[in-house]
Ligand code: GFB
């Protein structure tokens with residue numbers, strides 16, 4: 001990517017897309033293309049195709065997706081499978097037909113089998129049953145990976161697929177029903193501290209483990225891979241270590257400064273017991289995450305406090 005290359009970030013208002021946009025701007029890229037969802041509905045094939053025909057981007061980061069936490073995935077399976085299939089099919093197909101030089105597709109660690117050996121290597125894909133709470137989203141993302149591979153094979157289209165672990169950071173979704181665990185717990189502890197409450201309830205048993213990647217590290221990895229990786233094989237992006245939800249809750253509680261107790265709502269799902277990514281392929285290429293979980297949570301909490309009214313209304 002040259003400084004003047006035309007680079008389209010699909011999903012630039014989302015958690016991952018906004019971080020990729022920041023990373024590109026910080027690297028001095030000046031010819032960045034973005035469209036909000038009102039201006040360009042990526043679920044509409046004709047609209048997407050005329051956008052690519054008119055704007056002719058050179059590079060595409062496909063970070064647009066319908067995403068959500070464990071409950072949203074479980075409650076809206078039809079929306080998750082349909083919208084993700086629509087968005088990625090339209091963007092990948094139009095990108096190939098209108099001469100995009102390279103596309104980076106963002107997947108998710110939930111594409112791997114529920115009980116994949118840990119840490120999860122890239123070759124675990126399609127070796128076993130998926131986690132039921134998010135299989136609809138996972139199947140859509142697997143279709144996106146396969147479409148990138150098929151378009152490379154048939155048309156020589158340079159599309160790479162990047163599999164991030166659970167992301168968090170500034171710009172996350174803090175809706176208590178739809179969000180992922182980290183922003184949800186941050187909001188719950190912050191609300192309880194400010195209201196003087198004595199306990200906070202978290203979902204499930206607290207025993208599942210998750211790995212968390214700060215979103216600016218993901219954006220850095222995506223730029224690095226756009227520059228340095230040309231392969232049909234998927235590649236994991238993570239930090240290489242995980243912790244239980246109970247440990248995460250205790251950490252966020254301490255950073256937020258809540259002093260009460262933590263209760264469990266066992267009627268809510270635990271989801272997959274563990275999903276730690278094997279990041280050795282990415283490390284061999286020369287990239288590793290640089291933000292510790294403590295620093296990442298602190299900076300996300302600062303952002304949350306500055307934007308509390310907007311993100312909790
Ligand atoms: O982050 P999360 O919603 O999604 O939940 P997944 C992770 C774990 O945190 C689960 C627990 O065991 C939840 O039960 N948890 C505890 C909570 N308290 C809360 C809470 O207040 N809110 C939420 N959301 N969780 C998602 C997939 O799975 O991960 C997506 O559904 C995607 O498809 C994403 O892949 C990265 O890690 O279980």
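Structure summary
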{"read-out": "Of all residues in segment 7-25 being in contact with a helix residue (DSSP H, G or I) (Cβ under 7 Å, 6 or more places away or on another chain) and assigned to a loop (DSSP other than H, G, I, E, B), the one that is surrounded by the fewest Cβ atoms within 10 Å (Cβ to Cβ)", "value": "12"}
{"read-out": "Index of the failed condition, residue 193 passing every other in (1) part of a loop (DSSP other than H, G, I, E, B); (2) touching a helix residue (DSSP H, G or I) at 6+ places or on another chain (Cβ under 7 Å); (3) farther than 14 Å from residue 105 by Cβ", "value": "(1)"}
{"read-out": "Hits in segment 97-109 (condition: farther than 9 Å from residue 163 by Cα and either under 23 Å from the mean Cα position of the chain (by Cα) or in a loop (DSSP other than H, G, I, E, B) (or both))", "value": "98, 99, 100, 101, 102, 103, 104"}
{"read-out": "Given (1) farther than 27 Å from residue 112 by Cβ; (2) within 12 Å of the ligand (Cβ to nearest atom); (3) crowded, with 16+ Cβ neighbours inside 10 Å, index of the condition residue 201 fails", "value": "(3)"}
{"read-out": "Counted residues, segment 236-261 - those being in contact with a helix residue (DSSP H, G or I) (Cβ under 7 Å, 6 or more places away or on another chain), surrounded by fewer than 21 Cβ atoms within 10 Å (Cβ to Cβ) and over 19 Å from residue 208 (Cβ atoms)", "value": "3"}
{"read-out": "Every residue from segment 209-268 that is within 13 Å of the ligand (Cβ to nearest atom), more than 12 Å from residue 164 (Cβ to Cβ) and in a loop (DSSP other than H, G, I, E, B)", "value": "242, 266, 267, 268"}
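Every number in this text was worked out from the coordinates using simple rules, so none of it is lab data. Keep in mind it's a predicted model, so treat the numbers as computed, not measured. Here Cβ is always computed from backbone atoms with ideal geometry, including for glycine, and neighbour counts include all displayed protein chains.
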